[in-house]
Amino acid sequence: MTGSDGEIRGLSYQATPGMLVYRRSIAKAVLGTDDPETVGAAVADWDKFYETAEQMKAAGYYMYSGRADTARVYSNNVSAPWVKNDKTVVVDPNMMNWVDRSMEDIESGISHNVPGQWNDEWNKDMGPDSKVFCFFLPAWGLDVCIAPNVKDTAAAQDWAVCPSPQSFFWGGTWLVAANGTDNASQVRDIMLTMTADRDLLRTLAMNYGEMSNDQPLMEELAQSPDFGIELLGGQNYIGVLSDVAATVDLSNISSYDQGCVEEFQNTFGDYFNGVISLDKAKDNFEMAITERYPWLVGGGVLWP
């Protein structure tokens, strides 16, 4: 993280490419195997993903929890930045693809139609009694999202990972020193320890399912036959994520991404719930985005 002057302003100990985290027992029940390579082939692209989703539906399962799970995959793969010429918000066709596909999945029963993330419904979809097959998560999602919901249950090791149908990322966590701090030396020690202490980064990977920015260390772990975590039945998740990391495209990312994606999901929520029309959802997005970024009012919003 750098300022306009090129000086470092913050550091991250995480690398956050995304993956598909799936339930082994459901894979065995529907696909006949929980083998990550076989399951990966069954979700290798969106066409295969939805072929598998139909199998899941026929067997009484949901393919994924809700529209928020896939939103990040679509928004990470837009063809241009959200804002053009510093004044016009441009809704990429891929975002409308997400809207159309999400509604179709809700109506067909492929999605469990959980309205968001970090809520009780989403957590239960990761729990031991869930019928949801998979989640789109980065490495930190293993310990932060999955593990607390299956602790001390039969589902504690009922998980494996494979690449998502399309590359994406989610995160990560940044360490930033407060301007004017009177604890500069301590802040420096914390930041260097968290980002450059290889023993610590190894511990985070082995004990907490983290992926770090230490590329040589991650390459070492990815090739290690002895590395794996209990939650995944001993699977080496770094091997999956290292390949994904090389395919993540950051060329269209901008400082407007978080705000635009959040407002887009929020304003289309009532459309997914059948409360408002598609046109009304678009109007609500235009209003929300101009309130959030008032300096963009003159440029308007362009829809595909």
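The values are calculated or read from the model by the stated rules, or taken from the named source; none is laboratory data. Because the structure is a prediction, the values reported are computed rather than measured. A quick note on method: Cβ atoms are made from the backbone with ideal geometry, for glycine too, and the neighbour counts reach across all protein chains shown. Accessible surface is based on the protein model in full, side chains and every heavy atom, while ligands, DNA and RNA are left aside. Shrake-Rupley method; radii C 1.70, N 1.55, O 1.52, S 1.80 Å.
Which percent, to the nearest 5, of DSSP beta bridges fully inside the chain are antiparallel? Walk me through the numbers before you get to the answer.
Working: 17 of 22 bridges.
Taking every DSSP beta bridge with both residues in the chain, the antiparallel ones total about 75 percent.
You can think of it this way: the chain between residue 86 and residue 33 has 14.1 nm of extra reach, that is 0.36 nm per residue less the Cα-Cα gap. Applied to segment 143-151, the Karplus parametrisation 6.51 cos²θ - 1.76 cosθ + 1.60 on θ = phi - 60° returns per-residue 3J(HN,Hα) values of 7, 7, 9, 6, 3, x, 8, 10, 4 Hz, with x for Gly and Pro.
Scanning residues 5 or more positions from residue 18 or on other chains, those with amide H under 5 Å from its amide H are 168, 169, 170, with H placed 1.01 Å from N in the peptide plane.
Between 146, 110, 289, the GNM of the chain built on Cα springs shorter than 10 angstrom shows 289 fluctuating the most.
Surface composition of segment 1-132: carbon plus sulfur atoms hold 45% of the accessible area, using a 1.4 angstrom probe and ignoring ligands, DNA and RNA.
In order along segment 158-169, the Karplus-derived 3J(HN,Hα) couplings, from 6.51 cos²θ - 1.76 cosθ + 1.60 at θ = phi - 60°, round to 8, 9, 8, 10, 8, x, 6, x, 8, 5, 7, 9 Hz, and Gly and Pro are given as x. The packing ranking, built from the mean of other Cβ atoms within 10 Å per residue, places the peptides 123-134, 95-106, 175-186 in the order 123-134, 95-106, 175-186, highest first.
Which whole-number value in Å² is the accessible area per residue of segment 205-304, probe 1.4 Å? Show your work: numbers first, answer last.
Working: 5300 Å² over 100 residues.
Accessible area per residue, segment 205-304: 53 Å².
State in Å² the accessible area per residue of segment 106-160; use a 1.4 Å probe, count heavy atoms of protein chains only, and round to the nearest integer.
Accessible area per residue: 42 Å².
Amide H to amide H, with H built 1.01 Å from N, residue 90 comes under 5 Å of 83, 84, 302, counting only residues 5 or more places away or on other chains.
Could you tell me what percent of the accessible area of segment 207-301 is made up of carbon and sulfur, with a 1.4 Å probe and every protein chain present?
Details: 2320 of 4950 Å².
Carbon-and-sulfur percentage of accessible area, whole number: 47.
In the full protein context, segment 2-82 carries 41 Å² of accessible surface per residue, based on a 1.4 Å probe and ignoring ligands, DNA and RNA. Shape class for segment 150-204: prolate, because the ratio a/c of the largest to smallest gyration tensor axis (alpha-carbon atoms, square roots of eigenvalues) is 1.5 or more and a/b beats b/c.
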